[in-house]
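K.L.:
One structure coming up, written as structure tokens, with questions to follow.
The values are calculated or read from the model by the stated rules, or taken from the named source; none is laboratory data. Remember, it's a predicted structure, so these values are computed and weren't measured experimentally. Virtual Cβ from ideal backbone geometry, glycine too; neighbours counted across all protein chains shown. Just so you know, the surface numbers come from the protein's heavy atoms only, side chains and all, with ligands and any DNA or RNA stripped out. Shrake-Rupley method; radii C 1.70, N 1.55, O 1.52, S 1.80 Å.
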Amino acid sequence: MLTSIICLSVCAGAALPVYAQQKRVSPPDITSAVVDGNRVTLCYSRPYSKDPQTGAVRKIWGGLIPYGKVWRVGANEATLLITQQPIELDGKTIPAGAHTLFVIPEEDGKATLIVNNQIGQWGLQYDEKQDLCRVPLSKTDLTAPLDQFAMAVSRVQSGGGVIKLMWESTQYSVAFTVKK
């Protein structure tokens, strides 16, 4: 119960400044799911493919988001991953609590998810020394392009869950299990 209260407080504390501001070019969003008795929440902002000044459609992967560079995942403040219980990504344990997410996309289609211990920072403030782990992401093509960046957390029927990042015509994902 205490973990739930702490997680909700961190998410609310991080999200309140976002919601208190006037309309943002990249609006904030929260997605979550209960997976094997554990709530996993993502707090992030949703940029658009279209340039906010000109309305021109931008190339996302390899354009707005350069290959080989750390991307903040979304826009504005760093994206938060909040889990009430420890989860495991690709054999790496993520402790209960709040963490930030970053991604390094590569030109060959591969991408790496970075789970970082620093929280509360503007998205461009990345400190590699705070990395908890790096895990590979799986890439699939979306059936229809997405104009606005989206994330999702979903349960897998056989157990565990999946974190998804979707934009343009690409979906990156990573499976996770809940550690008991």
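The rows are residues; the columns are (1) modelled with pLDDT of 90 or more; (2) open to solvent by 60 Å² or more (accessible area, probe 1.4 Å).
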| residue | (1), (2) |
| --- | --- |
| LEU8 | no, yes |
| GLY13 | no, no |
| SER32 | yes, no |
| ASP36 | yes, yes |
| ARG39 | yes, yes |
| TYR48 | yes, yes |
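Results for (1) under 17 Å from GLN130 (Cβ atoms); (2) more than 12 Å from the chain's Cα centre (by Cα); (3) not aliphatic (A, V, I, L, M), shown as yes or no for each residue.
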site: VAL57; (1), (2), (3): no, yes, no
site: THR79; (1), (2), (3): yes, no, yes
site: GLN84; (1), (2), (3): no, yes, yes
site: LEU89; (1), (2), (3): yes, yes, no
site: ILE94; (1), (2), (3): yes, yes, no
site: PHE102; (1), (2), (3): yes, no, yes
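K.L.:
For VAL178, indicate whether it is within 17 Å of the chain's Cα centre (by Cα) and at pLDDT 95 or above.
P.N.:
So VAL178 fails the test.
K.L.:
If you scan region 15-28, which residues turn out to be in contact with a Cys (Cβ under 8 Å, 6 or more places away or on another chain) and either of a type outside the set (A, V, I, L, M) or at pLDDT 90 or above (or both)?
P.N.:
The one that is in contact with a Cys (Cβ under 8 Å, 6 or more places away or on another chain) and either of a type outside the set (A, V, I, L, M) or at pLDDT 90 or above (or both): PRO28.
K.L.:
Continuing with this model, one more query. Which condition number in (1) within 24 Å of ASN76 (Cβ to Cβ); (2) without any contact (Cβ under 8 Å) to a residue 12 or more places away in the chain is the one that GLN157 fails?
P.N.:
(1)
K.L.:
Scanning region 50-74 for residues that are part of a strand (DSSP E or B) and of a type in the set (A, V, I, L, M), which turns out modelled with the highest pLDDT?
P.N.:
ILE65
K.L.:
State all residues of region 105-124 that are surrounded by fewer than 18 Cβ atoms within 10 Å (Cβ to Cβ) and either farther than 23 Å from ASP141 by Cβ or in contact with a Ser or Thr (Cβ under 7 Å, 6 or more places away or on another chain) (or both); if no residue qualifies, say none.
P.N.:
Answer for region 105-124, where residues must be surrounded by fewer than 18 Cβ atoms within 10 Å (Cβ to Cβ) and either farther than 23 Å from ASP141 by Cβ or in contact with a Ser or Thr (Cβ under 7 Å, 6 or more places away or on another chain) (or both): ASN117, GLN118, GLY120, GLN121, TRP122, LEU124.
K.L.:
Just name the residue that is surrounded by the fewest Cβ atoms within 10 Å (Cβ to Cβ) out of those in region 75-104 that are of a type outside the set (A, V, I, L, M, F, W, C) and modelled with pLDDT under 95.
P.N.:
In this case the residue turns out to be ASN76.
K.L.:
Let me ask you something else. Just to be sure, is VAL162 surrounded by fewer than 16 Cβ atoms within 10 Å (Cβ to Cβ), within 18 Å of THR31 (Cβ to Cβ) and among the β-branched types (Val, Ile, Thr)?
P.N.:
No.
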